[in-house]
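Working notes, beginning with the structure itself.
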Amino acid sequence: MELTKKGHACVRLTEQGRTLVIDPGGFSEPDAAVGADAVLITHEHPDHLDEGRLRAALDADPGLEIWTSRAVADLLAGAFPGRVHTVGEGDAFEAAGFRIEVHGQLHAVIHPDLPRIANIGFLVDEAVFHPGDALTVPGRPVSTLLLPLHAPWNKFSEVVDYVREIDPERALAVHDGLLSDAGLAVYGRNLSPQGLSIGQASFARLTPGESVTV
């Protein structure tokens, strides 16, 4: 399948004319969900969910369906009956012809004073894993890890150890919308073969709009 990086935490996956979009939030392009057959949302934070844009996409395409956590589903299901599906850890389903498994339950801790919300990660076709805002280990081989590079809830040592634990063939950066060009260069250098060891994984950051076969 072809993976296209969109802004921040969003990616588009296409195969044989089918399109699946994950986390088209407010830091991504306004048209990130346009033309999708199915959308997956990991949690309700606005950098992963732009409710207005998603409602517009649902209005524009009666065939579009959403799979997401209960909190997000509760925002949308009333207006789009039968098209917004609640899923949680351990669930498996098919969306737009892609096989999806759900892993994870909670958002990573931002600060002890802030209540934790639900967060679910999606494994697509037993190959591509998007963990959302958590360092969830799915407990099965992953060839392509969508790596949350930078966030208020993580630090670089955790990012490195997460790649080592998952041990994918490749790690592709997501959740990078808060980094400047200088910051992206620092992360890229430290995750390159000349930096810290991340096992067998190759690391790359696609620019928004850039695609790769996975």
Grab the Cα-Cα distance for LEU75 and GLN200, subtract it from 0.36 nm times how many residues apart they are, and report the gain in nm with one decimal. 40.9 nm
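Rounded to the nearest percent, how much of the accessible area of the chain (1.4 Å probe, protein heavy atoms only) is carbon and sulfur?
Values: 4690 of 9290 Å².
Result for the chain: 51 percent of the exposed heavy-atom area is carbon or sulfur.
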Estimate the FRET efficiency between GLU165 and HIS85 by the formula 1/(1 + (r/R0)^6), using the beta-carbon distance for r and 30 Å for R0, to the nearest 0.05. 0.50
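For the range 1-110, give the share of DSSP beta bridges that are antiparallel, in percent and rounded to the nearest 5; count only bridges with both residues there.
Working: 13 of 23 bridges.
Just about 55 percent of them are antiparallel.
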Assigning unit charges at the beta carbon (Lys, Arg +1; Asp, Glu -1) and nothing else, what dipole magnitude in debye, to the nearest 20, does the chain show about its Cα centre? 320
For the range 3-48, share of DSSP beta bridges that run antiparallel, in % to the nearest 5: 75
Roughly how many Å² is the accessible area per residue of the chain, as a whole number, for a 1.4 Å probe? 43
Looking at the chain, send over the antiparallel percent of its DSSP beta bridges, to the nearest 5. 55
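The values are calculated or read from the model by the stated rules, or taken from the named source; none is laboratory data. No experiment lies behind these values; they were computed from the predicted model shown. A quick note on method: Cβ atoms are made from the backbone with ideal geometry, for glycine too, and the neighbour counts reach across all protein chains shown. Calculation scope for accessible area: heavy atoms of the full protein, side chains included, ligands and nucleic acids excluded. Shrake-Rupley method; radii C 1.70, N 1.55, O 1.52, S 1.80 Å.
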